[in-house]
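Everything below concerns the one structure shown next.
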């Protein structure tokens, strides 16, 4: 955990900053400590008045505001209740436990973090000393909390490299400039170990971004029935090329059985990231007036969306990949408003716009550039498999429904 404390002269400014984030779906009020009502029942003026009532008791102290951020590693297992406990314990440890304070959870960065707003004037007008608070109290509190909640240590967190994975250079591998097994193994290990997926399809959706795909064999085949798994390079057209590598031949053994062991734990770990993803998707939808702008926003956020389409042009599913937090979500796991039909209806994408995003079978987001911005953030994957009738919607349906609603 990395803690940062900023002192200031305007509690109003701190509140405005955080409340604007809430209004733009980039944050939520997580906790209101020391207030007469629950946070959901407090207006902006209620919050401001509570702080200003204390500040007025000591008008000689001009620097009376604290804006604290607690930053966590992506590896930390956090939910709302744990974040509230951490915030309370931290404020107690630095001598502000009796003060009113507001805790906001922000979703505008890839790592989990919270903002805490308070004043350093106690009831009665006494000024709470903040000189060297970071060195004298915050560091000690941080170490205690890291141990108490089993958090990644600040020293280790600062070493974490927030890097973007580079896709395998298929051409270099095929022409012998790079060993096939080494190239495939590196990418498979990285995706299997660092992405949070809860099914084989989600794992493969993340993996195919980097010119590698996992293959179980044809349904009904001996390989499929026995749970076999091989990994293949993908060429520029999304076709399997080169010599496949057995899962058991890769260090860490990313076999189907071992991948399946990750589904349960990953489902719990990715929950807070799902909330962040939804906030980012809502922001993109609200601020986009056409498909081009929506694409640009999603690319900037490093979010990719796969829309699954039958050969007859009928959409039946969606997968969302947040490369910033390395999480993969089916639309249904995010909520009914993120099903393929509901999401498309809200974006207002037209038939012509959708047709321009079509990808070939098994061609989901291959051959990406280093910053993953070279391809459409929204792509369609044609699936030759039989599709349940109840899951189907037509490509043109979303725009038609949206036009009806406008009437």
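The values are calculated or read from the model by the stated rules, or taken from the named source; none is laboratory data. Here the structure is a predicted model, which is why all the values come from computation and not from measurement. Cβ atoms come from the backbone with ideal geometry, glycine included; neighbour counts cover every protein chain shown.
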Test: residue in the range 9-24 that is under 21 Å from residue 126 (Cα atoms), buried (at least 17 other Cβ atoms within 10 Å of the Cβ) and either touching a strand residue (DSSP E or B) at 6+ places or on another chain (Cβ under 6 Å) or assigned by TED's automatic domain parsing to the domain that holds residue 127 (or both): yes
Meets criteria (in a loop (DSSP other than H, G, I, E, B), surrounded by fewer than 15 Cβ atoms within 10 Å (Cβ to Cβ) and in contact (Cβ under 8 Å) with a residue 60 or more places away in the chain) for residue 220: no
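Would you mind finding the one in 107, 101 that is in contact (Cβ under 8 Å) with a residue 40 or more places away in the chain and either farther than 16 Å from residue 14 by Cα or not assigned by TED's automatic domain parsing to the domain that holds residue 27 (or both)? Don't jump to the end; show me each part of the working.
Values: 101 fails: either farther than 16 Å from residue 14 by Cα or not assigned by TED's automatic domain parsing to the domain that holds residue 27 (or both).
Just a single option satisfies the conditions, and that option is 107.
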Pairs, first within 23 Å of residue 109 (Cα to Cα) in the range 22-44, second at pLDDT below 90 and surrounded by fewer than 18 Cβ atoms within 10 Å (Cβ to Cβ), C-beta under 6 Å, six or more apart: 25/282; 25/283; 26/108
Single condition residue 105 does not satisfy, out of (1) touching a strand residue (DSSP E or B) at 6+ places or on another chain (Cβ under 8 Å); (2) modelled with pLDDT of 95 or more; (3) crowded, with 17+ Cβ neighbours inside 10 Å: (2)
Residues of the range 269-278 satisfying the condition of being modelled with pLDDT under 85 and out of contact with any strand residue (DSSP E or B) (no Cβ under 7 Å at 6 or more places or on another chain): 271, 272, 275, 276
Failed item, numbered, when residue 97 is tested on (1) surrounded by fewer than 17 Cβ atoms within 10 Å (Cβ to Cβ); (2) under 29 Å from residue 36 (Cα atoms); (3) touching a strand residue (DSSP E or B) at 6+ places or on another chain (Cβ under 8 Å): (3)
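Residue 52 - would you say it is in contact (Cβ under 8 Å) with a residue 24 or more places away in the chain and surrounded by fewer than 18 Cβ atoms within 10 Å (Cβ to Cβ)?
yes
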Residues of the range 120-133 classified as on the phi < 0 side of the Ramachandran plot and loosely packed, with under 14 Cβ neighbours inside 10 Å, total: 4
